[in-house]
Amino acid sequence: MKTQACIIGAGPAGLLLGHLLRAEGIECVVLERKTGDYVLGRIRAGVLEKITVDLMNRLGLDGRMKEEGLPHDGFNLADGDRLIRIDMGDLVGEQVMVYGQTELTRDLMEACDERDLAVIYEAGDVALHDIESDAPYVTYSKDGSDHRIDADMIIGCDGFHGPSRKAIPDTVGKHFERVYPFGWLGILADVPPCNHELIYANHERGFALASMRSATRSRYYIDVPLTDKVENWSDDQVWDELAIRLGPEAAAHITRGPSIEKSIAPLRSYIFAPMRHGRLMLCGDSAHIVPPTGAKGLNLAASDVYYAADALIAFFRKQDNNAIVGYSDRALARVWKSERFSWSLTKLMHRFPEDGAFERAMQVAELDYIANSRAAQISIAENYVGLPV
Ligand code: RFL
Ligand code: PHB
């Protein structure tokens, strides 16, 4: 098979990019290792920045998001005693949209047939070839036979563990990494949220986050040591811990219920550079990971896709290679700033095992500074709603 753009991975990055290219009449094929149901079963992001909402709007696929999504004007940092409200509406005049990654992915998936975006699910052994040449290709296996796709460009949207990044030679790529000594235990339950806005809490016993998917579905997290196993946490233990860490005000409004999903995700900061080599471009988690504290992962995938689509449209429409060449620097400039924000919020809101009384006092001082400084709140708010693309 021959196509213009071969996209690897049908997560949000791959599907968003595929739709943006198809909207311009560019031929493309998306290869996905898993089934569609498996992709939808992964419970991940919940907070969308303007860039992500805008891309869904540009595609005309934001109908359900507009109806069911929850626009939020503010969120809260809790320091054990009080809630420090970051009023994004007042501070920077913007909002975020609470709408699950699962729902966004479903909206993109369901539009594939109608928009003629071909997605090949359960594509095994995906491998990239000759990315440094003008005739790159991808091979994969499906239903017992081997296949080959020749493409003008390959776009790796295959997440942190996919093959795309690994196709860039070690002599070219550089890795920047920070692994954190804890993971987030997440619980999803069909109960009303304890608060109408998110609460990120730094408590003596550790971090907690109260989030939501709708007025009747809640998403909560606590940080746990990396050695913990999800089987060792009963639902009751998680609810007990949340009630302590989120503080008395939130605890009074927690409704408990059976978990419908419970999992532990390790925390990592990671950047791979460059994000393009030869005929291969990387988008989203394939090139970078942020700890979830800033709610940036999916949104960075969306801003990469925005830049990549721009570059690919110029390349296919006007044979202009400059935007492809500039893609990595353009995307990385925003990636590094989101990495910085995610890292700094992670440091502020978590207790690190190696930290002593001094580091703790620094966190207390910083939270008190934020509580009393409009300038500090503006800085947090402008990062949280998303820096301009
Ligand atoms: P994905 O979603 O991992 O999709 C990659 C796709 O590639 C497929 N794939 C392959 N396909 C073919 N061949 C192979 N060999 C392949 N290997 C992999 C995979 O099956 C998959 O379908 O990456 P993408 O599209 O870059 O999207 C990134 C986001 O998923 C991720 O950054 C966010 O979920 C991160 N994240 C959050 N981001 C936010 O913006 N806001 C949040 O509130 C937020 N909360 C979170 C999060 C991530 C979390 N976890 C579990 C890591 C909360 C959590 C707990
Ligand atoms: C979520 O709702 O899953 C969520 C919200 C905010 C974050 C991370 C995850 O920072």
Checklist line | Euclidean distance of C-alpha centroids, segment 88-105 and segment 146-163, integer Å | finding: 31
Item checked: Distance in nm between pseudo-label sites at Glu204 and Thr139 (7 Å out along the Cβ direction from Cα) -> 6.1
Checklist line | Farthest toward positive dipole pole in segment 318-372 [+1 Lys/Arg, -1 Asp/Glu at C-beta], among Gln319, Ile370, Thr346 | finding: Gln319
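Just to verify a number: FRET efficiency for Asp240 and Ala361, C-beta to C-beta distance, R0 = 30 Å, to 0.05? Intermediate results must be reported in sequence, preceding the final value.
On the way: r = 28 Å, r/R0 = 0.94.
That gives a FRET efficiency of 0.60.
Nearest 0.05, what FRET efficiency do Asp81 and Asp170 give at R0 = 41 Å with Cβ-Cβ as r? Display every interim value, and only then the final one.
Details: r = 50 Å, r/R0 = 1.21.
Once the sixth-power term is evaluated, E becomes 0.25.
Could you provide, to the nearest whole Å², the per residue accessible area of the chain with probe 1.4 Å? Display every interim value, and only then the final one.
Working: 16380 Å² over 389 residues.
Here the per-residue accessible area is 42 Å².
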Note to self: Only four residue types carry charge here, +1 at the Cβ of Lys and Arg and -1 at the Cβ of Asp and Glu. Report the dipole size of the chain about the Cα centre in Debye, rounded to the nearest 20.
What the structure shows: 440
Notebook entry, point to check: Using 7 Å Cα-to-Cβ label points, what is the Asp73/Ala265 separation (nm, one decimal)?
Noted result: 2.8
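Find how much the distance from Arg106 to Asp329 grows on full extension, using 0.36 nm per residue of separation minus their present alpha carbon separation; answer in nm with one decimal. Write down the numbers at each step before the final one.
On the way: separation 223, 0.36 × 223 = 80.28 nm, distance 3.09 nm.
Net length gain for the segment: 77.2 nm.
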Margin query: Nearest 10 degrees is fine. How inclined is helix 101-110 to the longest principal axis of the chain, computing both from alpha carbons?
Written below: 30
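Got a number for carbon plus sulfur as a percent of segment 230-306's accessible area, 1.4 Å probe?
Values: 1420 of 2640 Å².
That fraction is 54 percent.
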Next item on the list: Taking amide H positions as placed in the peptide plane 1.01 Å from N, state which residues far from Phe75 in sequence (5 or more) or on other chains have amide H under 5 Å from it.
Entry: Ile86, Met88
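Using a 1.4 Å probe on the protein chains only, how many percent of the accessible area of segment 30-189 belongs to carbon and sulfur? Mind showing how you got there, number by number?
Working: 3260 of 7350 Å².
Reported share for carbon and sulfur atoms: 44 percent.
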Note to self: Place a point 7 Å from Cα of Phe352 in the direction of its Cβ. Which residues in segment 328-342 have their backbone N less than 17 Å from it?
What the structure shows: 339-342
Check: Considering the Cα trace of segment 244-389, what is its radius of gyration and what is Dmax, both in angstroms?
Finding: 19.5, 61
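Here are some pairs, Lys50/Lys337; Lys142/Lys262; Lys262/Lys337; Lys262/Lys347; Lys174/Lys337; Lys166/Lys337; which of them have Cα atoms lying more than 20 Å apart in this structure?
On the way: Lys50/Lys337 16 Å; Lys142/Lys262 32 Å; Lys262/Lys337 30 Å; Lys262/Lys347 24 Å; Lys174/Lys337 18 Å; Lys166/Lys337 24 Å.
From Lys50/Lys337; Lys142/Lys262; Lys262/Lys337; Lys262/Lys347; Lys174/Lys337; Lys166/Lys337, over 20 Å: Lys142/Lys262; Lys262/Lys337; Lys262/Lys347; Lys166/Lys337.
Could you tell me which of rounded, prolate or oblate describes the chain, using a ≥ b ≥ c as the square roots of the eigenvalues of the alpha-carbon gyration tensor, with rounded for a/c under 1.5 and, failing that, prolate when a/b is larger than b/c and oblate otherwise? Don't jump to the answer; show the numbers that get you there.
Details: a/c = 1.81, a/b = 1.71, b/c = 1.06.
Prolate.
Could you check how many percent of all C-alpha pairs in segment 135-271 are farther apart than 24 Å?
Working: 4568 of 9316 pairs.
In whole percent, the long-distance tail amounts to 49.
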Check: Label point 7 Å out from Ala251 along Cα-to-Cβ: which residues of segment 346-385 have amide N under 20 Å?
Finding: 350-351
Next item on the list: Using the charge dipole of the chain (Lys, Arg: +1 at Cβ; Asp, Glu: -1 at Cβ; taken about the Cα centre), state which of Asn195, Trp184, Ser269 has its Cα farthest towards the positive end.
Entry: Ser269
Item checked: About the Cα centre, charge dipole magnitude for segment 170-320 (Lys/Arg +1, Asp/Glu -1 at Cβ), debye -> 600
Note to self: Can you tell me which of Lys229, Lys318, Lys337 moves the most in a GNM of the chain? Springs connect C-alpha atoms under 10 Å apart.
What the structure shows: Lys318
Checklist line | Overall dimensions of segment 226-313 by Cα: Rg and Dmax, Å | finding: 19.0, 56
Margin query: Using all alpha carbons of segment 87-185, what is the percent of pairwise distances in each 5 Å bin, ordered from the shortest bin to the longest?
Written below: 2, 8, 12, 15, 15, 14, 14, 10, 6, 3, 1, 0
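Taking the Cα centre as origin and putting +1 on Lys and Arg beta-carbons and -1 on Asp and Glu beta-carbons, what dipole magnitude results for segment 12-60, to the nearest 20 debye? If you can, show how the numbers build up before the last one.
Details: 7 positive and 6 negative charges, 39 e Å.
That gives segment 12-60 a dipole magnitude of about 180 debye.
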Notebook entry, point to check: In the chain, what percentage of the DSSP-assigned beta bridges are antiparallel, given to the nearest 5?
Noted result: 75
Margin query: Given a 10 angstrom Cα cut-off, can you work out which residue in Val172, Val230, Val47 is the most mobile in a GNM of the chain?
Written below: Val172
Next item on the list: Keeping the other protein chains in place, figure out the carbon and sulfur percent of the accessible area of segment 335-389, with a 1.4 Å probe.
Entry: 61
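Can you order the peptides 256-265, 56-65, 323-332 by their average number of other Cβ atoms within 10 Å per residue, highest first? Each step should come with its number before you reach the end.
On the way: 256-265: 14.8, 56-65: 16.7, 323-332: 18.5.
Result, highest mean first: 323-332, 56-65, 256-265.
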Margin query: I need the peptides 191-200, 353-362, 14-23 ranked by packing, meaning the mean over residues of other C-beta atoms within 10 angstrom, with the highest value on top.
Written below: 14-23, 191-200, 353-362
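Percent antiparallel among DSSP beta bridges with both residues in segment 71-217, to the nearest 5? Write out the running numbers ahead of the final one.
Numbers: 23 of 26 bridges.
Rounded to the nearest five, the antiparallel share is 90 percent.
The values are calculated or read from the model by the stated rules, or taken from the named source; none is laboratory data. Everything numeric in this text was worked out from a predicted model, so none of it was measured. Quick reminder, even Gly has a Cβ in these numbers, built from the backbone with ideal geometry, and neighbours come from all protein chains shown. Please note that ligands, DNA and RNA were not included when accessible areas were found on the heavy atoms of the full protein model with its side chains. Shrake-Rupley method; radii C 1.70, N 1.55, O 1.52, S 1.80 Å.
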